[in-house]
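The values are calculated or read from the model by the stated rules, or taken from the named source; none is laboratory data. Only a predicted model underlies this, so the values are computations on that prediction, with no experimental measurement involved. In this analysis, Cβ positions are derived from the backbone assuming ideal geometry, glycine residues included, and neighbour counts consider all displayed protein chains. Surface accessibility is based on the protein's heavy atoms, side chains included, excluding ligands, DNA and RNA. Shrake-Rupley method; radii C 1.70, N 1.55, O 1.52, S 1.80 Å.
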Amino acid sequence: MNDNINKTVNEILESYSKHEQTCRLSEDNIINKSVLIQVLEEIRKLLFPGYFDKNRVREEYIGYIVGDRIEFIQYNLKKQIAKALKGCEKCNDLSYDEVMEKSEKLVYEFLSKIPSIRDYLATDVVAAFNGDPAAYSTDEIILCYPGFFAITVYRVAHELWKLKIPMIPRVLSEYAHGLTGIDIHPGATIGKYFFIDHGTGVVIGETAEIGDDVLMYHQVTLGGRSRGRFKRHPTIGDGVLLGAGAKIIGPITI
């Protein structure tokens with residue numbers, strides 16, 4: 001290397017020493033975002049068989065296909081949960097075997113929620129089809145609508161959040177946020193028949209609560225007031241329509 005490159009290398013190394021909180025040198029790798037996205041895509045295929053597959057999903061083979069997908073999810077998600085647990089202060093005292101055992105249990109608990117997630121998403125599809133006159137089919141909603149994609153990822157991330165798995169729910173929700181412009185915290189509580197139309201700019205905070213049969217348009221904010229772990233976001237009752245640009249801040253009820 002020439003002198004200029006050597007100088008740059010040394011400056012970068014100095015910055016590593018200066019800002020240790022942004023480095024993970026000589027430590028176990030942190031969770032892998034790209035692997036988690038692959039896991040999410042396999043979960044979506046479980047939730048909507050035949051929609052996101054490269055080839056036709058034959059009904060006579062569906063049991064084998066589901067088993068194969070669960071094996072992929074179980075193997076990869078277990079490893080990522082273990083990494084997340086190792087980085088959690090509450091799990092620092094656990095041995096390697098205890099972390100892996102806990103990770104495996106959490107994966108099975110999550111997988112047991114897949115039928116329930118499908119139940120909720122089935123109502124969300126209906127809400128989208130009934131709420132948008134521009135929707136010509138439920139297939140169009142599942143394949144194309146950014147609001148429905150964001151809700152799908154939220155439903156998955158929310159179950160992981162309820163299991164108190166560190167970091168992974170936020171990785172998934174921020175992935176959907178980046179693709180759609182819809183920011184739904186995985187800790188939010190959202191009922192059935194939920195539809196976000198257009199969606200860009202929507203923000204739903206951690207302690208927000210949304211009832212059944214709620215329609216939300218773009219640029220809606222269910223924001224928080226102050227910090228802390230207490231209730232700080234709005235509660236939206238059943239059957240509410242939130243028009244474009246609505247800003248509801250703090251623990252009030254609509």
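State which residue is least open to solvent (accessible area, probe 1.4 Å) when the search covers only the stretch 218-254 and only residues that are assigned to a loop (DSSP other than H, G, I, E, B) and of a type in the set (Lys, Arg). Steps first, answer last, please.
The initial filter retains those residues of the stretch 218-254 that are assigned to a loop (DSSP other than H, G, I, E, B), namely 218-220, 224-234, 237-240, 243-246, 250-252, 254.
Applying the additional criterion that residues be of a type in the set (Lys, Arg) yields 225, 227, 229, 231-232.
On the way: ARG225: 146, ARG227: 205, ARG229: 182, LYS231: 70, ARG232: 30 Å².
For the stretch 218-254, the residue satisfying everything is ARG232.
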Within the stretch 68-92, which residues are open to solvent by 60 Å² or more (accessible area, probe 1.4 Å), in contact with a helix residue (DSSP H, G or I) (Cβ under 8 Å, 6 or more places away or on another chain) and charged (D, E, K, R)? LYS79, LYS86
Condition (residue is of a type in the set (A, V, I, L, M), open to solvent by less than 60 Å² (accessible area, probe 1.4 Å) and either farther than 18 Å from LEU36 by Cβ or modelled with pLDDT under 95 (or both)) applied to the stretch 163-172: is it met by at least one residue? no
Matching residues in the stretch 23-57 - criterion: being open to solvent by 90 Å² or more (accessible area, probe 1.4 Å), touching a helix residue (DSSP H, G or I) at 6+ places or on another chain (Cβ under 8 Å) and either under 22 Å from ILE114 (Cβ atoms) or part of a helix (DSSP H, G or I) (or both): LYS33, GLN38
Out of the residues in the stretch 93-140 that are free of Cβ contacts under 8 Å to residues at least 24 places away in the same chain and in contact with a Ser or Thr (Cβ under 9 Å, 6 or more places away or on another chain), which is least open to solvent (accessible area, probe 1.4 Å)? VAL125
Report those helices (runs of 4 or more DSSP H) wholly inside the stretch 93-200 carrying at least 3 residues which are touching a strand residue (DSSP E or B) at 6+ places or on another chain (Cβ under 9 Å). 114-131, 146-162, 168-180
Being under 22 Å from CYS144 (Cβ atoms), open to solvent by 10 Å² or more (accessible area, probe 1.4 Å) and assigned to a strand (DSSP E or B) is the requirement here; does LEU215 meet it? yes
Note on PHE194: of the conditions (1) in contact (Cβ under 8 Å) with a residue 60 or more places away in the chain; (2) open to solvent by 30 Å² or more (accessible area, probe 1.4 Å), unmet is (2)
Quick one: is PRO186 crowded, with 23+ Cβ neighbours inside 10 Å, touching a residue at least 12 places away in the same chain (Cβ under 8 Å), under 30 Å from PHE52 (Cα atoms) and within 13 Å of the chain's Cα centre (by Cα)? yes
Given the structure, is ILE65 more than 26 Å from PRO166 (Cα to Cα) and either in a loop (DSSP other than H, G, I, E, B) or open to solvent by less than 60 Å² (accessible area, probe 1.4 Å) (or both)? yes
